[in-house]
Amino acid sequence: MQPTFGMIDDQVRRKKFTMLDQIAEVIDFRRIEKLLLKAYKGGGRPPIPPIMLFKALLLESWYDLSDVEVALEIHDRRSFERFIGPEVRNYHLDDTTLVKFRNRLREKGVLDRVWAEVDKAMTARNLCVKKGVIIDSTLVEPACRPESKRADGEPVDPDAGYVKRKDRAISGYKVHISTDDKTDIIRKMEIVFITEHDQRRFGELIPDDAGRVYADKGYASEEHDYYLLERGIRNRVLYKAARGRRLLAWQLAANRRWSKVRSRVEAKFADLKRWCSMDRMRYYGMERNRLWMLVCGMACNFKRAGTLAAA
């Protein structure tokens with residue numbers, strides 16, 4: 001593509017080095033681009049390169065923008081344009097294009113393969129130590145108000161449920177994550193109904209290369225003890241007192257040691273909710289919100305990768 005006068009002018013202007021420039025230096029998006037192009041195989045050439053649309057979703061997560069807002073900002077902010085690619089000037093990117101792109105990602109199931117590629121890239125850059133993981137879950141508010149109904153009386157988001165915590169009803173979804181216990185990179189994520197017990201997803205959240213697992217008392221069970229022992233994984237799940245039987249002194253001491261590591265996952269939930277716009281879900285329904293969760297998770301990992309690389 002022949003550069004425009006605007007592009008030439010940008011090359012000689014001073015630019016402010018931003019988080020986006022840092023991430024662009026650390027993350028190689030070419031492998032991700034190849035995976036995204038497979039979603040359009042047999043369906044004709046996409047009107048806008050899908051890697052641009054994928055980066056637009058990341059911008060929505062980092063800056064808490066809607067589809068309409070991110071399209072406007074990409075064409076207005078130089079830092080956004082540099083991150084997306086200056087070629088975006090040749091396309092008309094709008095909210096409708098982003099909606100269609102998300103629908104295609106869901107239909108083709110591409111984002112799970114992109115997640116696996118990102119995990120592989122993090123490992124290649126030694127950003128995942130791959131010796132231990134921390135597992136935990138958090139509750140995320142739905143996109144609609146509790147008990148919102150459609151005109152026909154059906155709930156707006158039928159997948160958003162309720163649980164009671166400390167005599168307070170909480171609505172939304174439950175999100176499980178496992179993070180590297182040294183670098184805080186997210187290894188796995190899953191969204192479930194808010195009423196589902198934490199123990200059901202324990203095995204799914206443990207990467208194949210994990211050497212030890214930290215988790216709170218909610219994940220403690222004989223079944224999980226046996227599962228970890230069988231796989232040769234060191235068990236760091238906090239001990240839970242049984243009815244009529246207190247924990248022994250050595251178990252309490254172990255809980256104190258392991259809690260110092262396990263508590264780091266709380267900071268990761270704070271990062272997801274405060275800096276990557278996962279304080280509430282964006283859409284209605286489990287399937288759409290799972291895609292948003294994965295986008296937020298990758299945005300959080302890319303941001304963390306930039307920080308680790310600069311250290």
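Of note:
- Using Cβ point charges alone (K and R +1, D and E -1), the dipole size of the chain about the Cα centre works out to roughly 1060 debye.
- Shown here for region 35-120: trypsin sites (Lys or Arg not before Pro) in loop regions (DSSP other than H, G, I, E, B) with at most 12 other Cβ atoms within 10 Å, namely K41.
- What the Cβ-Cβ distance of S79 and K131 gives, at R0 = 45 Å and to the nearest 0.05, is a FRET efficiency of 0.80.
- Using only side-chain charges placed at the Cβ, +1 for Lys and Arg and -1 for Asp and Glu, the dipole size of region 143-257 relative to its Cα centre rounds to 820 debye.
- Inter-part distance where region 63-139 and region 255-311 are each reduced to a Cα centre, Å: 14 Å
- The amide H of V237, built 1.01 Å from its N in the peptide plane, has A215 as neighbours under 5 Å, considering only residues 5 or more places off or on other chains.
- Amide H contacts of K188 (H built 1.01 Å from N, in plane; Pro and chain starts excluded): S178 sit under 5 Å, all sequence-distant by 5 or more or on other chains.
- Where trypsin sites (Lys or Arg not before Pro) fall in DSSP loop in region 156-208, at most 10 other Cβ within 10 Å: K166
- Multiplying the residue separation of E190 and K149 by 0.36 nm and removing their Cα-Cα distance gives an extension gain of 12.1 nm.
- Rounded to the nearest 10 degrees, the angle from helix 222-231 to the longest Cα principal axis of the chain is 60 degrees.
- MRE, 222 nm, helices only [DSSP H, n ≥ 4, -39500 (n - 2.57), over the chain, to nearest 500]: -14500 deg cm²/dmol
- Legend: P(r) of region 202-261 from all alpha carbon pair distances, 10 Å bins from 0, whole percents, reading 21, 53, 23, 2.
- Label point distance in nm, Y162-E222, each placed 7 Å from Cα along Cα→Cβ: 3.6 nm
- For Cα extents along the principal axes in Å, the value computed from the atomic coordinates appears in the list [x] 72, 64, 47; [y] 56, 47, 40; [z] 77, 54, 37 under label [z].
- Unit charges on C-beta of K, R, D, E only; dipole of region 31-114, Debye: 640 debye
- In sequence order, calculated HN-Hα J values of region 76-88 (Karplus, 6.51, -1.76, 1.60; Hz; x Gly/Pro): 10, 9, 5, 5, 5, 5, 4, 5, 5, x, x, 5, 4
- Too-long pairs where the Cα-Cα distance tops 30 Å, listed order kept, from K240/K268; K55/K273; K108/K174; K149/K303; K41/K149; K131/K166: K149/K303; K41/K149; K131/K166
- Carbon-plus-sulfur accessible fraction, the chain (probe radius 1.4 Å, protein heavy atoms only): 48%.
- Pair Q199, K16: separation of 7 Å Cα→Cβ label points (nm): 5.2 nm
- Taking the DSSP beta bridges with both ends in the chain, the antiparallel portion is around 70 percent.
- Using the 1.4 Å probe convention, the accessible area of region 167-311 works out to 51 Å² per residue with neighbouring protein chains retained.
- Here's the picture: charge each Lys and Arg Cβ at +1 and each Asp and Glu Cβ at -1 in the chain, and of W292, P146, N126 the one pushed furthest to the positive end of that dipole is N126.
The values are calculated or read from the model by the stated rules, or taken from the named source; none is laboratory data. Worth saying up front: this structure is predicted, and the values here are computed from it rather than measured. All Cβ positions, glycine included, derive from the backbone under ideal geometry; neighbour counts span all protein chains shown. For the accessible areas, the whole protein counts, side chains as well, though only heavy atoms, and no ligand, DNA or RNA atoms are used. Shrake-Rupley method; radii C 1.70, N 1.55, O 1.52, S 1.80 Å.
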